[in-house]
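Below: the structure, in structure tokens.
The values are calculated or read from the model by the stated rules, or taken from the named source; none is laboratory data. Source: prediction; values computed, not measured. Positions of Cβ are generated from backbone atoms using ideal geometry, with glycine treated the same way; all protein chains shown enter the neighbour counts. Heavy atoms of the whole protein, side chains included, go into the accessibility calculation; ligands, DNA and RNA do not. Shrake-Rupley method; radii C 1.70, N 1.55, O 1.52, S 1.80 Å.
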Amino acid sequence: MTDQPIHPGEAGLPTLSKLGISSKSLVESVDPLPIAEQWLSSFASSTAQASLNIPSLTGDTEPSVYWRDVLALTWDFRTFEGTQKIQKFLEDRLAGANIRNVKLDQADGPPAIASLFPDILWLQLFFTFDTDVGGCTAIARLVPVVDKEGPGAGNIKWTAHTVFTRLESLHDVPELLGLLRKQEPFHGPWDEARAEEIAFKERDPTVLIIGAGQGGLMTAANLKVLGVDSLIIEKTERVGDNWRKRYEALCLHDPVWYDHFPFIPFPKTWPIYTPARKLGNWLESYVDALDLNVWTSSTVTKVERGQGDRWAVTVVSSGPGGDRTRVFNVRHVVFASGWIGMKSYVPDIPGRDKFRGQVLHSFEHNRATDHSGKKVVVVGACTAAFDISVDYVEKGVDVTMYQRKSSYIISGQGLRALLAGLYSENTPFSIEVADRLNLSMPNLFMAGVNHRSRQMLAELDKDIIEGLEKKGFHVNTGYRDTGILFQVWQTGGGYYIDVGGSKYIIDGRLKVKGDCGAIKEYTEKGLRFEDGSELDADVVVFCTGLDKKKHPLSDFLAEDVITQCSPLWGLDDEGELKGVHREVGPRGLWSMMGNLAVCRMNSKHLALQIKAMEKGCFGTRYSKGPGTGGLKRKSMDEDASEAEKIRQLEERMALFEGA
């Protein structure tokens, strides 16, 4: 029997055959506890001497071993692949960390054998440790390997395939929760006390947050429980208007179990898919419940360097008495104003002046009934395009969806299956433990996992995909053949989580136009395409995403500051997100971005960094690049152009056959 070729993206998967294990039965019935204790004892003794012998804990480098650290040892978000890079990282950082009190943590789950796929099995253990700065949590996954050398040759030993370390708390900084909540009764006028606190009349907040969406509110909530004073500036009239004032049909496509807020999860009665207006109301109630400080109808017009280590932030607030301006001097500014700046993108197409109809972006669209009796063309074929097009069909409006390029489609059932192990109605994990497990999987490793799971989900969604293709709607396999996860991490768009919209196309109720080239020009009564075909339209709705030509922070910062800022979003060569949930470049400027789950997981990380700086215990970031204490990567030419670096990165990841 000839071996099937292995997809390049699966090179890092620790399959039993690669590990020399001939039968799964040899390892799946072992007692995990003594194995976990032995490995952890070795880890503890090595780290105590600041001389961790990586090969002895991780074994061979094939398949690759990964160590992901979130703030615990690097004060950054880093993933190290391979024993040499891990050894170098630990040589540089262990002595300064002073790891101690290493303990097995069975409260979050005892050591256990888990099987990700039929040919992949590992022993998972949770543990905790302290550094000089704080308390840390960790997860290790050990795989069985046949010892090839020495007196134990032929025996099975367990070595780490992935290690995850995370800063969880700061010493002497308790979270103000539970028994540490306010104890004294308050008999005064509560509303007046809150109004005075929010006004910041004779003081500046420590942190000013721009944007009262999920990212801004979750960051403020985490700062509050760490005792850090913050003020959120929100341009809309009410908290939640950023969701309420989107198109009427908008509804979250992520399930409720994945979307909980920190400290106040959604109630058990909450619908699986949250309507946008309902979410807007939740944001407003979240502010009230947690006593977060927010100025609405206020706009940040400028962020510039102030005196010393402070930033001068100019805020213009609107009210019955007219506009008023206030300049705050703060040590930290968090940009949480939405996905990469939230500026709509509408392509510049010739002939706009002669088109007699209406042109708008999905951000400007309200409801389908606004266009009753008219012909509508929706430009785009992903989430917003489906939501808006289906709403038009439901309201009896003549609508055609124009697909510019293929889309990745995953059913709602498929996404729930993908998340079910961690986020579901019957998950055995708390949201905190589920998040920790989620974070513990390095993206470089998840490339292979997602390649496999994408194929399984494609089989689950086979009828949907085939039905769409028959109607001329083109479906792809996600970023470099890995499905939805890397599509989100790399581009933030280009996909649709199907909560029913595909059926409208398959059943013929929603018309699709494609295979006609780009839009060449407007005509008086519609659109003309490159192949010469035309579509009549009274209304053209562009669901074409956001404008990425400028840096998302360019509306706030001067050019000399922008040049020091990182790109925001997309993966670096370690599989870590660029620029978000950390300082964007200059000291004291931060970015918070992502969906509800991403913001929930990372708002705590951002708050811990700020609190550590305020406490004076923040160390040196172990960041990439020369002069920063990080690793200099021979695989990426430092002098290469950005396009060449991307090419090298894609070649190195090798996730897509034929790419």
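Structural remarks
- Charged side chains reduced to their Cβ positions (Lys and Arg at +1, Asp and Glu at -1) give the chain a dipole of some 680 debye around its Cα centre.
- A convex hull fitted around the alpha carbon atoms of the range 341-440 yields 175 Å³ per residue.
- Column: log10 I(q)/I(0), Debye, Cα scatterers of the range 509-611, q = 0.14, 0.20, 0.24 Å⁻¹: -0.74, -1.00, -1.36
- Diffusion of the range 509-554 by Stokes-Einstein, at 10 °C in a medium of 1.306 mPa s and with Rh set to the Kirkwood radius over alpha-carbon pairs, works out to 124 µm²/s.
- For Leu439, neighbours were defined as the other residues whose beta-carbon sits under 9 Å from its Cβ, and their charges (Lys and Arg +1, Asp and Glu -1) total +2.
- Spacing of the modelled spin labels on Asp370 and Val316, each 7 Å from Cα toward Cβ, amounts to 2.5 nm.
- Expressed as a whole percent, the proportion of Cα-Cα pairs in the range 321-399 lying more than 14 Å apart is 74%.
- Working note: Karplus 6.51/-1.76/1.60 with θ = phi - 60° gives the range 23-29 the couplings 9, 4, 5, 5, 10, 6, 9 Hz, where Gly and Pro are set to x.
- For the range 412-510, the set of GluC sites (Glu not before Pro) satisfying both a DSSP loop assignment and a count of at most 14 other C-beta atoms within 10 Å is given as Glu425.
- Put a plus charge on the Cβ of each Lys and Arg, a minus charge on the Cβ of each Asp and Glu, and nothing anywhere else: the dipole of the range 301-352 about its Cα centre is then about 100 debye.
- Applying 1/(1 + (r/R0)^6) with R0 = 35 Å to the Cβ-Cβ distance of Glu37 and Ala289 gives a FRET efficiency near 0.25.
- Note on the chain: Cα Rg divided by 2.2 N^0.38 Å, N the number of residues, gives 1.02.
- FRET efficiency, 1/(1 + (r/R0)^6) with R0 35 Å, evaluated for Lys201 and Thr620 via beta carbons: 0.40
- Taken along its three principal axes, the alpha carbon spread of the range 550-606 comes to 32, 23, 20 Å, from the longest extent down to the shortest.
- Remark on the range 60-111: ratio of C-alpha radius of gyration to 2.2 N^0.38 Å is 1.32.
- Annotation for the range 72-170: trypsin sites (Lys or Arg not before Pro) lying in DSSP loop with at most 12 further Cβ atoms inside 10 Å of their Cβ are Lys148.
- The charge dipole of the range 438-493, taken about its Cα centre with unit charges on the Cβ atoms of Lys, Arg (+1), Asp and Glu (-1) only, comes to about 100 debye.
- Dividing the convex hull volume of the alpha carbon atoms of the range 180-259 by its residue count gives 163 Å³ per residue.
- Qualifying trypsin sites (Lys or Arg not before Pro) for the range 533-587 [loop in DSSP, other Cβ within 10 Å: at most 13]: Lys549, Lys550, Arg587
- Estimated FRET transfer efficiency (Gln413, Ser17; beta-carbon r; R0 30 Å; 0.05): 0.45
- At 1.567 mPa s and 4 °C, Stokes D of the range 367-515 from Kirkwood alpha-carbon radius, µm² per second: 78 µm²/s
- Counting only protein heavy atoms and a probe of 1.4 Å, the accessible surface of the range 408-553 is 49% carbon and sulfur.
- Across Lys103/Lys615; Lys278/Lys578; Lys374/Lys513; Lys549/Lys624; Lys470/Lys520; Lys520/Lys578, pairs whose alpha-carbon gap is larger than 28 Å: Lys278/Lys578; Lys520/Lys578
- Taking Cβ atoms as reference points and 15 Å as the exclusive limit, the residues near Ile497 contribute a net charge of -2, counting Lys and Arg as +1 and Asp and Glu as -1.
- Extension gain for the segment Asn98 to Arg305, taken as residue separation times 0.36 nm less the Cα-Cα distance, is 70.9 nm to one decimal.
- Distant-in-sequence amide H partners of Asp291 (H built 1.01 Å from N, under 5 Å): none
- Per-residue ellipticity at 222 nm, computed for the chain from helices alone with -39500 (n - 2.57) per DSSP H run of at least four residues, works out to -8500 deg cm²/dmol.
- Zone of Phe186's modelled label, taken as backbone nitrogen in the range 262-303 under 20 Å from a point 7 Å along Cα→Cβ: 263-264, 283-296
- Volume per residue of the C-alpha convex hull in the range 278-355, rounded to whole Å³: 215 Å³
- Shown here are the Rg and Dmax of the Cα trace of the range 116-171, at 15.5, 46 Å.
- Bridge type composition, the chain - antiparallel percent by DSSP, nearest 5: 60 percent
- In this simple spin-label approximation, Thr491 and Glu175 carry label points 7 Å from Cα along the Cα→Cβ vector, and these lie 3.7 nm apart.
- Under 5 Å between amide hydrogens, built in the peptide plane, is the criterion, and for Thr236 it picks out Ser297, Ser298 among residues at least 5 positions away or on other chains.
- Considering only Pro347, Thr325, Ser64, the residue lying farthest towards the positive end of the dipole of the chain is Thr325, judged by Cα position with unit charges set on Cβ.
- When you work out D = kT/(6 pi eta Rh) for the range 200-329 at 4 °C and 1.567 mPa s, using the Kirkwood radius from C-alpha pairs as Rh and the Stokes-Einstein form, the result is 81 µm²/s.
- Mean sequence separation of contacting Cα pairs (under 8 Å, at least six apart), scaled by the length of the range 395-520, corresponds to a relative contact order of 43 percent.
- Only Cα pairs under 8 Å and 6+ residues apart enter the sum, and on that basis the relative contact order of the chain stands at 15 percent.
- The range 427-563 - Rg over Rh from alpha carbon coordinates, Kirkwood radius: 1.07
- Relative contact order (%) - the range 137-196, alpha-carbon pairs under 8 angstrom, separation at least six: 29 percent
- Radius of gyration over Kirkwood radius for the range 214-272, both on Cα atoms: the Rg/Rh ratio is 1.01.
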